[in-house]
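J.: Have a look at this one before I ask anything.
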Amino acid sequence: MPALLLTTVAMLAFAANSILARLALTATAIDAVSFSVIRLLAGAVMLLLVLLMQQRQAVVNALITTCSLRTSNAIAIEWLAASALCLYAFGFSLAYRQLTAASGALLLFAAVQISMLSIAWWRGERLSARQWTGFALASTGVVYLLLPGIKAPPLVAAVLMLVAGVGWGVYTLLARQLGEPVQATTINFVRAAMLALLVLVVSLVWQRPQLDGQGMLLAMLSGAVTSGLGYVIWYAAVGRISTSTAAVAQLSVPLITALAGVWLLQEALTTRLLVSGLVILLGIALVSLPARNRRAEEGR
């Protein structure tokens with residue numbers, strides 16, 4: 001399959017996650033915790049099936065690794081990655097009870113980039129002036145979007161989405177250390193699903209699960225198709241395109257989400273959302289696009 005088609009399908013899948021979550025949590029009776037648990041379980045099952053089709057031994061290895069009680073730095077990183085993935089999934093669902101698809105996607109992507117850049121700086125990585133400019137722009141866009149006013153998104157929901165973005169940023173950084181992408185992602189999804197079931201049990205103390213047939217179907221689609229298969233397709237595409245193309249491609253996700261929200265969910269595109277969106281996306285572009293090579297910077 002051509003790289004461009006793979007990339008396009010992956011970006012549509014990632015954008016669809018926001019649409020499916022928003023639709024399930026506003027148009028059906030399913031609660032956010034149940035949606036998150038079903039999404040992670042469906043994603044884990046789909047990824048295990050993909051591994052099974054690729055190589056049976058990989059499934060066995062993944063399950064053995066997942067259930068291992070051994071302690072080591074690698075195991076600790078894997079469980080930390082799974083915890084970050086779980087944090088992302090729950091923050092994402094809880095936030096989308098009130099946020100529009102577009103504002104949620106913008107806050108998520110901004111938080112991912114800001115958190116990853118902050119961690120890189122904390123680790124001692126030298127950041128370029130362009131990256132600092134992008135960091136400042138993305139942060140400014142988020143602040144402007146959240147300024148008090150009639151068009152500002154609900155603060156609690158916005159904070160939950162920012163937390164989800166931090167979770168995804170941490171997961172992304174940790175996942176880079178975990179070897180072959182599909183197998184590592186499968187292990188992380190299985191472990192995150194285990195943690196999600198634990199959260200579900202704890203949540204029974206203050207609320208009963210609200211299950212809805214259509215909501216459950218949307219959660220399974222989000223987990224199995226737009227998350228599980230979406231990541232597999234994305235990893236296949238990343239191997240065929242440049243880093244800069246991959247970075248630019250990801251900038252399309254909030255835009256696709258916003259357009260889909262207007263078209264499918266009848267959500268409004270406000271001036272505040274448009275302005276903050278442009279500023280945030282510009283900031284993300286400056287942060288994520290790779291620097292020019294040394295010869296280019298020296299003017300050749």
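J.: Evaluate region 153-169: report whether one residue or more is under 24 Å from Arg272 (Cα atoms) and either in a loop (DSSP other than H, G, I, E, B) or at pLDDT below 80 (or both).
T.: Yes.
J.: Which numbered condition trips up Ala62, out of (1) at pLDDT 80 or above; (2) buried (at least 22 other Cβ atoms within 10 Å of the Cβ)?
T.: With (1) at pLDDT 80 or above; (2) buried (at least 22 other Cβ atoms within 10 Å of the Cβ) applied to Ala62, the lone miss is (1).
J.: Something else now. Residues that are modelled with pLDDT under 85, of a type in the set (Gly, Ala, Ser) and within 15 Å of Phe109 (Cβ to Cβ), at least 2 per element: which helices (runs of 4 or more DSSP H) completely within region 200-300 meet that?
T.: Hits in region 200-300: 243-265, 271-288.
J.: Still on this structure, please answer the following. How about region 31-45: which of its residues are surrounded by 24 or more Cβ atoms within 10 Å (Cβ to Cβ) and of a type in the set (A, V, I, L, M, F, W, C)?
T.: Phe35, Val37, Ile38, Leu40, Ala44
J.: Across region 79-102, what is the number of residues that are touching a Leu at 6+ places or on another chain (Cβ under 6 Å), assigned to a helix (DSSP H, G or I) and not aliphatic (A, V, I, L, M)?
T.: Final tally of qualifying residues: 2.
J.: Here is a further query. Looking at the structure I just gave you, is Leu48 surrounded by fewer than 24 Cβ atoms within 10 Å (Cβ to Cβ), modelled with pLDDT of 70 or more, out of contact with any Gly (no Cβ under 6 Å at 6 or more places or on another chain) and part of a helix (DSSP H, G or I)?
T.: Here the answer is yes, as Leu48 does meet what is asked.
J.: So which residues in region 85-103 are surrounded by 24 or more Cβ atoms within 10 Å (Cβ to Cβ), in contact with a Gly (Cβ under 6 Å, 6 or more places away or on another chain) and within 10 Å of Tyr171 (Cα to Cα), if there are any at all?
T.: Residue satisfying the conditions is Tyr88 alone.
J.: Of Gly141, Gly124, Gly134, Gly91, which residue is touching a residue at least 24 places away in the same chain (Cβ under 8 Å) and either at positive phi or under 17 Å from the mean Cα position of the chain (by Cα) (or both)?
T.: Of Gly141, Gly124, Gly134, Gly91, the one residue that is touching a residue at least 24 places away in the same chain (Cβ under 8 Å) and either at positive phi or under 17 Å from the mean Cα position of the chain (by Cα) (or both) is Gly91.
J.: Restricting attention to region 25-48, report how many residues are under 20 Å from Leu108 (Cβ atoms) and touching a Lys or Arg at 6+ places or on another chain (Cβ under 9 Å).
T.: 3
J.: Go through (1) surrounded by fewer than 21 Cβ atoms within 10 Å (Cβ to Cβ); (2) assigned to a helix (DSSP H, G or I) and name the single condition Gln177 misses.
T.: Status for Gln177: all satisfied but (2).
J.: Look at Thr140 and say whether it is among the β-branched types (Val, Ile, Thr), under 14 Å from Ser276 (Cβ atoms) and either surrounded by fewer than 20 Cβ atoms within 10 Å (Cβ to Cβ) or modelled with pLDDT of 85 or more (or both).
T.: yes
The values are calculated or read from the model by the stated rules, or taken from the named source; none is laboratory data. Only a predicted model underlies this, so the values are computations on that prediction, with no experimental measurement involved. For neighbour counting, all protein chains shown are included, and Cβ atoms are generated from backbone atoms with ideal geometry for every residue, glycine included.
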